[in-house]
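Enquirer: Right, I'll just put the structure down here and ask away after.
Bear in mind these aren't lab numbers, they're just calculated from the coordinates by the rules spelled out. If you're wondering where the values come from, they're calculated on a predicted model, not measured in any experiment. Virtual Cβ from ideal backbone geometry, glycine too; neighbours counted across all protein chains shown.
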Amino acid sequence: MGFGAIPLFLFMIIPAAYIVWASTTMIKLQREKIELLKSIDSKMN
């Protein structure tokens with residue numbers, strides 16, 4: 001593994017890690033939104 005492979009490695013890993021983090025954050029936010037809507041819906045009925 002030469003010196004040229006390190007920047008390439010970083011350019012591959014950082015976006016992949018960001019995509020994973022962003023998707024898990026979005027899923028959590030969607031779940032919270034659904035729970036909130038369900039609680040509002042149950043109060044309305």
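Enquirer: Using just the helices of the chain, give the 222 nm mean residue ellipticity in deg cm²/dmol: DSSP H runs with n ≥ 4 each add -39,500 (n - 2.57), and the total is spread over all residues, rounded to 500.
Expert: After summing the helix terms and dividing by residue count, I get -33000 deg cm²/dmol.
Enquirer: How many nm is it between the label spots at Met44 and Phe11, if each spot is 7 Å from the Cα in line with the beta carbon?
Expert: If labels sit at Met44 and Phe11, their model points lie 5.0 nm apart.
Enquirer: Please pull out the direction-averaged projected area of the chain, using the convex hull of its alpha-carbon atoms, in nm² to one decimal place.
Expert: Mean orientational projected area (the chain, Cα hull): 3.0 nm².
Enquirer: Starting at the first residue of segment 14-24, write each ³J(HN,Hα) from the Karplus equation 6.51 cos²θ - 1.76 cosθ + 1.60 with θ = phi - 60°, in whole Hz, x for Gly and Pro.
Expert: 4, x, 4, 5, 5, 4, 4, 4, 5, 5, 5
Enquirer: Loop-only check: which chymotrypsin sites (Phe, Trp or Tyr not before Pro) in the chain are DSSP coil with at most 13 other Cβ within 10 angstrom? All intermediate terms of the calculation are to be shown ahead of the outcome.
Expert: Working: sites: Phe3, Phe9, Phe11, Tyr18, Trp21; in loops: Phe3.
Here the chymotrypsin sites (Phe, Trp or Tyr not before Pro) that fit, given the DSSP loop and packing criteria, are Phe3.
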